[in-house]
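These notes concern the structure reproduced below.
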Amino acid sequence: RDFSSTIDVLSCTQGFEVKRLDKNSWQVLNNGQACTIEYKVYCFILGVRHSYVDQYMAFLHGVSVFGYVNGLEDLPVEVAVQNGVYKQCEVALPVEKGVYRAKNYDHLADSPFALGSFDMVEYHSHGVLHKVVMVGTGNYNLEQIKTDFKKISDVEGEMFGEIPVSPHYIHFIQNVSTGSGGLEHANCQTSQMERNAYS
């Protein structure tokens, strides 16, 4: 996937020069000084591998929106979400005082963010909190969703002896007019479902 093609603007707020080296890497000539990089990302593809933003909700697929500093990929990452437009932020990362914490870049890139106002149910299976976040409307019944997803999680836990996730597991269900597909992550998964196909 050529995610770098969605980057529109890249600049350094301190006025340091930014040079594009190739299609997916940039060099900041900052003489070792701290700086802040700003960039815009095209986010208007609703899918399990892409990012989407409108006035109602945002679904951010980490690897398509978060850049990293070459050589620092293994360092911890903190993300602060300025959530003035959207009511909820759901992501399978630990959070403390509004700051989401990832162990490293891979952990962040593997953790989609859903922002908006969503129908959601929770249940516990094998001691682990699970959330089902319904992105978009549909003819689903939330209690039936909860019952069915818990059955699946219970059986999976029995098969493998545990559900090795932390701090919780999220099922992101994108309800769409047309589309399908799914993508698994360490602590969550994203699936597309036709919005009126639940009954």
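Could you tell me the accessible area of Tyr68 in Å² (1.4 Å probe, neighbours in place), rounded to the nearest ten?
Number for this one is 130 Å².
Leaving ligands, DNA and RNA out of it, work out the accessible area of Arg20 with a 1.4 Å probe and give it in Å² to the nearest 10.
130
Need one word for the stretch 94-165: rounded, prolate or oblate. Basis is the Cα gyration tensor (sqrt eigenvalues a ≥ b ≥ c); a/c below 1.5 gives rounded, then a/b vs b/c decides. Write out the running numbers ahead of the final one.
On the way: a/c = 2.27, a/b = 1.16, b/c = 1.96.
Oblate, because a/c is 1.5 or more while a/b does not exceed b/c.
Along Cα→Cβ, 7 Å out, is where each label goes; now give me the distance between the ones at Tyr56 and Asp8 in nm to one decimal.
It is 2.1 nm.
Please list Leu108, Leu72 in order of solvent-accessible area, largest first, computed with a 1.4 Å probe with all protein chains present.
Leu72, Leu108
Which angle from 0 to 90°, rounded to the nearest 10, does the C-alpha axis of helix 142-160 make with the longest principal axis of the chain?
Once rounded, the angle reads 80 degrees.
Kirkwood Rh and Cα-based Rg: tell me the resulting Rg over Rh for the stretch 33-179, rounded to two decimals. Write down the numbers at each step before the final one.
Details: Rg = 16.6 Å, Rh = 16.8 Å.
Rounded to two decimals, Rg/Rh equals 0.99.
Structure shown: which of Lys40/Lys97; Lys97/Lys131; Lys19/Lys97; Lys97/Lys150; Lys103/Lys131; Lys40/Lys103 lie over 28 Å apart, alpha-carbon to alpha-carbon?
Lys19/Lys97; Lys97/Lys150
Whole-Hz Karplus ³J(HN,Hα) for the stretch 39-45, in order, using 6.51 cos²θ - 1.76 cosθ + 1.60 and θ = phi - 60°, x for Gly and Pro?
The phi angles translate into 8, 10, 10, 6, 9, 9, 10 Hz.
Could you compute the net charge surrounding Tyr56? Neighbours are other residues with a C-beta less than 15 Å from the C-beta of Tyr56; K and R count +1, D and E count -1.
Once positives and negatives cancel, what remains is -1.
Highest mean first, how do 37-48, 109-120 rank when packing is the count of other Cβ atoms within 10 Å averaged over residues?
On the way: 37-48: 14.9, 109-120: 19.8.
So the peptides 37-48, 109-120, ranked by packing, come out 109-120, 37-48.
Give me the aspartates and glutamates in straight-line cross-link reach of Lys151: C-alpha distance below 19 Å, same-chain residues under 8 apart excluded.
Glu122, Glu143, Glu162, Glu184
Report the calculated FRET efficiency for Glu184 and Asn31 (r = Cβ-Cβ distance, R0 = 35 Å), to the nearest 0.05.
Efficiency computed from Cβ-Cβ geometry: 0.25.
What does the accessible area of Lys103 come to, in Å² to the nearest 10, when a probe of 1.4 Å is used?
140
Give me, ordered by chain and number, the residues 5 or more places off Gln174 or on other chains with an amide H under 5 Å from its own placed amide H.
Val135, Ser191, Gln192, Met193
The values are calculated or read from the model by the stated rules, or taken from the named source; none is laboratory data. Because the structure is predicted, anything quoted here is derived from the model rather than measured. Note that each Cβ is placed from the backbone with ideal geometry, even for glycine, and that neighbours are counted across all protein chains shown. We work out accessible area using only protein heavy atoms, side chains counted, and drop any ligands, DNA or RNA first. Shrake-Rupley method; radii C 1.70, N 1.55, O 1.52, S 1.80 Å.
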